[in-house]
Amino acid sequence: MKEGKASEKVNTNVSDLQCQKCINEMTEGSTEALKLLYESMYRPLLLFVMSVLRNPVIAEDIVQETFIKVYQKADQFQKKSTAKTWIFSIAKHLCMDSIATKQCDNIPDHIVCSDGDFSRLETNEALNQLDDEEQQVIILYVFGGLKIKKIAELLSISEKQAYYRKKTATEKLKSYFTS
């Protein structure tokens with residue numbers, strides 16, 4: 001595989017345009033673009049998958065599989081949605097497949113996630129104040145950088161529901177951090 005043109009560092013607040021650029025470069029075989037996308041999207045994807053599966057071992061596997069699929073299917077990205085929405089959609093489908101095959105039932109919940117950033121106690125405690133639906137929306141909004149319209153599309157809910165969940169989650173988080 002040839003190294004790509006993605007020489008600029010993608011930060012953790014990666015824009016959708018930067019994600020799209022990485023995907024475009026992956027179609028040319030750029031492993032550097034995959035690395036940059038991985039560095040910027042790993043944490044938001046892990047948080048999202050954890051909010052769905054509640055199992056760190058399976059979640060890490062799903063995130064790894066998501067990046068593999070993104071790399072393998074980069075040439076199939078049709079720009080009908082944003083690049084981030086497309087990536088989160090792949091992760092969502094992998095989560096649904098995992099749930100359907102009941103992979104999560106065999107692994108204990110007490111295993112600690114190996115990603116240091118994710119395991120920050122304060123972040124976990126704050127997110128645990130939210131119900132599953134609120135967690136998904138706030139993770140996609142805050143960590144994934146997606147707009148309400150795209151979140152609604154990704155989660156197959158109305159924009160009004162997505163907005164309400166974000167608002168409720170924000171209020172709970174404000175209350176958590178001010179108490």
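The values are calculated or read from the model by the stated rules, or taken from the named source; none is laboratory data. In this text the structure is predicted, and so the values were computed from the model without any measurement. Please note: Cβ atoms are built from the backbone with ideal geometry, for glycine as well, and neighbour counts cover all protein chains shown. Note: accessible area is taken over every heavy atom of the protein model, side chains too, but ligands, DNA and RNA are not part of it. Shrake-Rupley method; radii C 1.70, N 1.55, O 1.52, S 1.80 Å.
In terms of solvent-accessible area of protein heavy atoms at a 1.4 angstrom probe, what is the ranking of Tyr42, Tyr163, highest value first?
The residues order as Tyr163, Tyr42, largest area first.
Based on the Cβ-Cβ distance from Lys167 to Met96, what FRET efficiency comes out when R0 is 25 Å, to the nearest 0.05? Each step should come with its number before you reach the end.
Numbers: r = 26 Å, r/R0 = 1.05.
Once the sixth-power term is evaluated, E becomes 0.45.
If R0 is 30 Å, what FRET efficiency do you get for Phe177 and Gln78 from their C-beta distance, rounded to 0.05? Before the final figure, lay out each step's value.
Values: r = 40 Å, r/R0 = 1.34.
Using R0 = 30 Å, I get an efficiency of 0.15.
First measure r as the distance between the Cβ atoms of Gln64 and Lys160, then evaluate 1/(1 + (r/R0)^6) with R0 = 35 Å and state the FRET efficiency to the nearest 0.05. Can you show the working numbers first?
On the way: r = 34 Å, r/R0 = 0.98.
Working from the Cβ atoms, E equals 0.50.
In whole Hz, with x marking every Gly and Pro, tabulate ³J(HN,Hα) for the stretch 76-83 from phi via Karplus 6.51 cos²θ - 1.76 cosθ + 1.60, θ = phi - 60°.
So the J values, rounded to whole Hz, are 9, 5, 9, 6, 6, 10, 6, 4.
Kindly write out, for the stretch 135-140 in residue order, the coupling ³J(HN,Hα) from the Karplus curve 6.51 cos²θ - 1.76 cosθ + 1.60 (θ = phi - 60°), rounded to whole Hz, with x marking Gly and Pro.
Result, ordered by residue: 4, 4, 5, 5, 5, 5 Hz.
May I ask for the net charge around Ile148, where only other residues with Cβ less than 15 Å from the Cβ of Ile148 are counted and Lys, Arg are +1 while Asp, Glu are -1?
Details: positive: Lys84, Lys147, Lys149, Lys150, Lys160, Arg165, Lys166, Lys167; negative: Asp16, Glu133, Glu134, Glu153, Glu159.
Surrounding charge for Ile148 is +3.
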